[in-house]
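Have a look at the structure below, then the notes.
The values are calculated or read from the model by the stated rules, or taken from the named source; none is laboratory data. These figures come from a predicted structure and were not determined experimentally. So basically every Cβ, Gly included, is an ideal-geometry build from the backbone, and we count neighbours across all protein chains shown. Heads up: the accessible areas ignore ligands, DNA and RNA and are worked out on the full protein's heavy atoms, side chains in. Shrake-Rupley method; radii C 1.70, N 1.55, O 1.52, S 1.80 Å.
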Amino acid sequence: MHSKALAPEYQGALTKMSVNAALTDVLAEGIRHLEAAELSGSQQEVARTGLAVAEAHRRLGHVQDADRAWKASYRAARSAGDAGAMAWALWSGGTLARQRGALRLAFRLLGLAADMGKKGGDVVARGYSLAGLAETGRIQGDYRTVAALHEQLLAEARARGEARHTVWALEGIAQIHRNTGSFDTALAMFEEAAQLAGDADDRRGRAWALRGMADIISVRDHDPERALALLSEAERTCREMKLSSALAYNHKMRANVLYRAGRYEEARREYEGALEEFRAMTEPRGEALSRLGLVKSLARLGRDAEETAADLDALRDTLDRIGLLNARDMVDKAYAELGVTPARDAVSAESARR
């Protein structure tokens with residue numbers, strides 16, 4: 001039996017904040033209580049309320065503010081000797097690093113967070129940190145390494161009845177199945193996640209699950225209208241809760257669905273909008289994936305092949321630098337799909353002919 005979804009990252013005076021609270025409300029309450037904690041001189045409360053401030057800033061795409069907030073939370077926790085609060089601050093910092101495309105730093109901070117959570121006896125902080133490590137590896141494309149960890153965390157979440165964490169694990173495993181071609185299994189797991197999130201009143205988790213379902217329904221069933229309807233439902237939640245990152249990924253998926261349906265002009269507009277959203281929040285992974293979709297859409301609309309190849313070359317370099325293996329494979333497939341030769345290969349071939 002699963003409980004209603006909770007938000008363990010909302011701590012101290014914010015423990016009663018709903019997991020579904022709009023992020024602007026979380027931020028306002030967090031700042032108010034943080035200022036009160038600073039006046040009281042309680043470093044533990046500064047650390048705990050500061051975590052909510054950091055997380056609200058991160059999810060709203062306020063990268064610099066989020067960076068300052070998690071570091072301030074960590075310093076306060078260290079001053080108070082609160083290992084659990086230190087673990088949560090490190091988790092927030094590691095999650096922000098992943099969002100910014102700094103995967104090596106994300107692995108380091110999340111590893112430290114998991115160790116600190118164990119030291120402080122905070123099972124939830126340790127679980128979230130291990131989940132962060134698993135998600136970072138999955139986003140990187142290292143499925144073999146992290147699949148077992150995802151399954152372990154799913155089993156632990158089910159055993160504890162933690163609905164929100166169960167939903168996260170189901171969605172992560174579903175994404176691995178989707179990316180390795182097991183569409184039926186992936187869809188079943190996304191559907192289970194959506195049902196569980198709905199029952200637990202986890203609106204954020206349900207929005208992400210609907211996005212996953214839309215992706216597979218578009219790819220497997222070639223049913224763009226149903227996929228777009230699911231995305232529209234998820235978008236309403238993203239807007240109401242001010243989920244900036246989730247909304248941008250929703251728009252990118254909408255563009256993917258339109259592209260697969262051959263509606264290239266509509267896809268182009270959606271990719272351009274998503275690209276602007278990702279750039280505004282300094283999220284390089286989403287930006288790179290939106291750029292890829294935009295390049296492909298423009299190519300389908302008649303853009304010059306040499307310009308397309310040059311853009312794909314630049315994207316491949318960017319993804320190599322970030323370390324996103326799966327996305328790099330997507331770029332390699334785009335060359336073949338669009339019938340273009342990598343610009344450097346074309347130059348080498350021309351030199352050989354001479």
Could you give me the radius of gyration and the Dmax of segment 1-72, taking only the C-alpha atoms into account and expressing both in angstrom? 12.0, 42
Averaged per residue, what accessible surface does the chain expose to a 1.4 Å probe, in Å²? 44
Can you give me the solvent accessible area of PHE183 with a 1.4 Å probe, rounded to the nearest 10 Å²? 60
Would you mind checking the tilt of helix 183-199 against the longest principal axis of the Cα atoms of the chain, expressed as 0 to 90 degrees and rounded to 10? 30
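Would you kindly state how much longer the chain becomes between GLU307 and GLU225 on full extension, computed as 0.36 nm times their sequence separation minus their alpha carbon distance, in nm to one decimal?
Numbers: separation 82, 0.36 × 82 = 29.52 nm, distance 3.21 nm.
That works out to 26.3 nm of additional length.
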With Cβ to Cβ distances under 15 Å as the rule, what net charge do the other residues near ARG75 carry (K, R +1; D, E -1)? 0
If packing is taken as the average number of other Cβ atoms within 10 Å across a peptide's residues, how do 68-76, 51-59, 27-35 rank, most packed first? 51-59, 68-76, 27-35
Cα centroid of segment 146-166 to Cα centroid of segment 91-136, whole Å: 16
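Heavy atoms only, 1.4 Å probe, whole protein assembly: order LEU325, LEU110 by accessible area, highest first. Walk me through the numbers on the way to the answer.
Details: LEU325 95, LEU110 0 Å².
Ranking LEU325, LEU110 by accessible area, largest first, yields LEU325, LEU110.
Hey, how much of the P(r) for segment 233-307 falls beyond 18 Å, as a percent of Cα pairs?
Values: 1094 of 2775 pairs.
Pairs farther apart than 18 Å: 39 percent.
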Using per-residue counts of other Cβ atoms within 10 Å, averaged over each peptide, order 244-254, 218-228 from highest down. 244-254, 218-228
Can you run phi through the Karplus equation (6.51, -1.76, 1.60; θ = phi - 60°) for segment 127-140 and list ³J(HN,Hα) in whole Hz, with x for Gly and Pro? x, 5, 5, 5, 4, x, 4, 4, 5, 4, x, 5, 4, 5
For the chain, find the longest principal axis of its Cα atoms and tell me its angle to the long axis of helix 83-99, 0 to 90°, nearest 10. 20
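Quick check: with the 1.4 Å probe, what order do MET86, MET241 take by accessible area, largest first? Mind dumping the intermediate values first?
Working: MET86 20, MET241 0 Å².
Most to least solvent-accessible, the answer reads MET86, MET241.
Rounded if a/c is under 1.5, else prolate if a/b beats b/c, else oblate: with a ≥ b ≥ c from the C-alpha gyration tensor eigenvalues square-rooted, which is segment 34-180?
Values: a/c = 2.18, a/b = 1.67, b/c = 1.31.
Prolate is the answer for segment 34-180, as a/c is 1.5 or above and a/b outweighs b/c.
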Roll a 1.4 Å probe over the protein heavy atoms and report the accessible area of ASP201 in Å², nearest 10. 80
Largest-first principal axis extents, alpha carbons of segment 133-233, Å: 36, 30, 19
Gap separating the Cα centres of segment 258-331 and segment 186-227, nearest whole Å: 24
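Hey, what's the Cα Rg ratio for segment 171-210 versus the globular rule of thumb, 2.2 N^0.38 Å? Numbers along the way, then the final one.
Numbers: Rg = 9.9 Å, N = 40, 2.2 N^0.38 = 8.9 Å.
Working it through for segment 171-210, the quotient is 1.11.
Compute the Kirkwood hydrodynamic radius of segment 107-171, taking the inverse of the mean of 1/r over all pairs of distinct Cα atoms, and give it in Å to one decimal.
With all distinct Cα pairs of segment 107-171 included, I get 11.8 Å.
Quick check: at a probe of 1.4 Å, how many percent of the accessible area of the chain sits on carbon and sulfur atoms?
On the way: 7710 of 15470 Å².
Ligands and nucleic acids excluded, carbon and sulfur reach 50 percent.
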Quick check of the Kirkwood formula: for the chain, what is the inverse mean of 1/r over all pairs of different Cα atoms, in Å? 21.1
So how much accessible area does THR180 have, in Å² to the nearest 10, using a 1.4 Å probe? 80
